[in-house]
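Student: Here it is, the structure, as structure tokens.
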Amino acid sequence: MNWFNLASYQLEFWQWAGVIFGCICFGISKTGLNGISILAVPLFALVFGARESTGVVLPLICFADLFAVIYYRRHAEWKYIWPLIPWALAGFALALGMDHFISTDRGFKILIGLCVAAGLGVMIWNERRGAELPSGLWFFALFGVLGGFSTMIGNAAGPILSVFLLAVRLPKESFVGTAGWFFLIVNYLKIPLQTLVWHNISRQSLAFDLMMIPFILLGIGLGILFVKKVSNKQYRIAVYVVTLISAGLLFA
């Protein structure tokens, strides 16, 4: 079988460059700097279309999720993962239900951007006061629903989870390990929905994803290296900066 012909989308040079850069970002986000994948989401949407791109991206990030949980498997904080999962599923249902009323994804991007920015603002304010952020049921419900909704609509939950994990002040390895397991669970649960409900995953998209694996692996290596080289404080600052940039891109 000629995989290149099967995977051919007749892309121009700038489109190839964009998706390759995006794949590297996906790899980095899974093993290093969570949230940087938001830089890739608009590129894939521009090349493949907003909805169609979610089916191209999902197998790529599922592949990267496996490496994240294998490498950081001992660092996951399950007390923060399990309470989020049922609410993330509710976010899936909300996304599927609202799909019938969606003509553009811009409104959803703005909504997610506002929530990310507001969450960061509250966290910064509380940290300056030395106060603890809420951790009750409503806190898990808010971030779980919003995370599930945003990942189903456009694989854009990275900044949302970053805000949550920054709020509970995890060290860098636990941050990446917890995010890795959360996204492994929710992303694999999305596969039947993307395949059977939205019909976004095809033989052509899977063949294209197979061609992109080397660039995902490159990003995975860069992410691991980044975590090793920075301190917990530097890592936290980097996540803040990336999350702020992500929120800005969602408004663009």
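Student: Go through segment 71-84 and count every residue that is surrounded by 19 or more Cβ atoms within 10 Å (Cβ to Cβ) and in contact with a Gly (Cβ under 9 Å, 6 or more places away or on another chain).
Tutor: Number of matching residues: 4.
Student: Those residues that are surrounded by fewer than 24 Cβ atoms within 10 Å (Cβ to Cβ) and either among the hydroxyl-bearing types (Ser, Thr, Tyr) or over 12 Å from the mean Cα position of the chain (by Cα) (or both), I need them from segment 25-45; list them, please.
Tutor: Pro42, Leu43, Ala45
Student: Could you tell me whether any residue of segment 204-212 is within 30 Å of Phe48 (Cα to Cα), out of contact with any Asp or Glu (no Cβ under 8 Å at 6 or more places or on another chain) and at pLDDT below 85?
Tutor: no
Student: Condition check: at pLDDT 85 or above, of a type outside the set (Lys, Arg) and assigned to a helix (DSSP H, G or I). Does Val122 satisfy that?
Tutor: No.
Student: Identify the residue in segment 175-206 that is of a type in the set (Gly, Ala, Ser) and crowded, with 19+ Cβ neighbours inside 10 Å and, among all such residues, is farthest from the chain's Cα centre (by Cα).
Tutor: Checked segment 175-206; the qualifying residue farthest from the chain's Cα centre (by Cα) is Ser205.
Student: Also, quick follow-up: Considering only segment 48-70, I want to know if a residue exists there that is surrounded by fewer than 23 Cβ atoms within 10 Å (Cβ to Cβ), in a helix (DSSP H, G or I) and of a type in the set (Asp, Glu).
Tutor: Checked segment 48-70: at least one residue is surrounded by fewer than 23 Cβ atoms within 10 Å (Cβ to Cβ), in a helix (DSSP H, G or I) and of a type in the set (Asp, Glu).
Student: Among the residues of segment 134-158 satisfying the criterion of being in contact (Cβ under 8 Å) with a residue 60 or more places away in the chain and outside any helix (DSSP H, G or I), which is surrounded by the most Cβ atoms within 10 Å (Cβ to Cβ)?
Tutor: Looking at the filtered set, the residue picked out is Ala156.
The values are calculated or read from the model by the stated rules, or taken from the named source; none is laboratory data. Values in this document were obtained by computation on a predicted structure and should not be read as measured data. Because the Cβ atoms are built from the backbone with ideal geometry, glycine has one as well, and the counts that use them run over all protein chains shown.
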